[in-house]
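Working notes, structure below.
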Amino acid sequence: MTEERPVRRSSKVRVAEFLATVGEGNVFTKLQLFQGVPGVAQADRRMRDLRELGWQIDNYKTDPRLQPDEYRLTATGTRIDLGERPKEPSRPRISSARRREALERADFVCQTCGTRAGEFYADDEDQRAILIVHPIDPTPPISTELSNLRAECQRCTAGIRGSGRALPTLDEVLTHASALSSREDRRRLYRLMQSGRPERDDVEVVFAEWLRLGREDRVNIMLKLAGLLIEED
């Protein structure tokens with residue numbers, strides 16, 4: 001009677017299994033990744049390979065609130081750890097570089113609700129915004145040109161996908177734009193169209209820069225700013 005040998009799982013499957021235990025929306029470190037898949041020498045590379053299967057994993061380059069050794073599992077893809085077979089891609093893959101371009105163009109702000117990546121929602125202080133880049137027009141063949149990409153938070157993305165709403169028509173948008181009550185509103189809309197992102201004042205610009213610093217630098221700036229405020233009082 002021959003003894004059954006245990007099925008050997010590939011490194012990629014083991015990494016997918018670890019990420020599934022982390023859960024969507026949660027943060028983990030590089031050390032936790034390697035500890036979660038002992039014996040896998042290039043676990044970070046296997047993790048990057050999962051992006052080809054629809055897994056969305058953010059790092060500090062795509063989410064300024066993350067530290068250099070941190071990652072966030074934004075969305076799971078094909079569950080190869082459960083035996084799912086990769087499907088034929090229904091849409092072209094958005095490269096990491098192009099995705100970062102779209103996020104930088106949006107200034108790491110949801111282009112629908114205006115919530116910044118990593119910020120708590122105004123009506124839900126237990127949930128932070130996670131930005132997802134997706135095509136504006138999903139009609140095949142889908143373009144991944146920057147002009148067809150939009151950055152939205154997970155709530156707005158889920159709302160659009162779940163609502164079944166069709167894309168607005170040219171006539172609808174033109175009608176709404178023409179119906180704006182004042183010339184100043186129309187001028188502001190035109191400026192927004194030119195920039196492709198919401199307008200922000202100087203305070204918001206500096207705050208966005210501060211968010212992209214490391215923890216220690218952020219604390220130092222807060223202390224120095226507090227000193228200036230005390231002197232002004």
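The values are calculated or read from the model by the stated rules, or taken from the named source; none is laboratory data. Being a predicted model, the structure only gives us computed values, none of them experimental. Glycine also receives a Cβ, built like all others from the backbone with ideal geometry; neighbour counts cover every protein chain displayed. What goes into the accessible areas is simple: the full protein's heavy atoms, side chains included, and nothing from ligands, DNA or RNA. Shrake-Rupley method; radii C 1.70, N 1.55, O 1.52, S 1.80 Å.
For the pair T29 and T112, the difference between a 0.36 nm per residue extended length and the Cα-Cα distance amounts to 26.9 nm.
Sorting the segments 93-99, 112-118 by their mean number of nearby beta carbons within 10 angstrom, highest to lowest, gives 112-118, 93-99.
Under the simplified labelling scheme, the E216-Q67 pair shows an inter-label distance of 1.1 nm, with each label point 7 Å from Cα along Cα→Cβ. A Förster distance of 22 Å, applied to the separation of the beta-carbon atoms of S96 and Y121, puts the FRET efficiency at 0.25.
What accessible area per residue comes out for region 29-91, rounded to a whole number of Å², with a 1.4 Å probe? Display every interim value, and only then the final one.
Numbers: 3670 Å² over 63 residues.
Value for region 29-91: 58 Å² per residue.
The 1.4 Å probe gives accessible areas that order E104, E184, largest first, as E184, E104. For S182, what is the net charge nearby, where nearby means another residue's Cβ is under 15 Å from its Cβ and Lys, Arg count +1, Asp, Glu -1? Once positives and negatives cancel, what remains is +3.
Extension gain, E172 to S10: 0.36 nm times the residue separation minus the Cα-Cα distance gives 53.2 nm. Once you sort the root eigenvalues of the Cα gyration tensor of region 19-140 as a ≥ b ≥ c, which label holds: rounded (a/c under 1.5), prolate (a/b larger than b/c) or oblate (the other case)? In terms of gyration-tensor shape, oblate.
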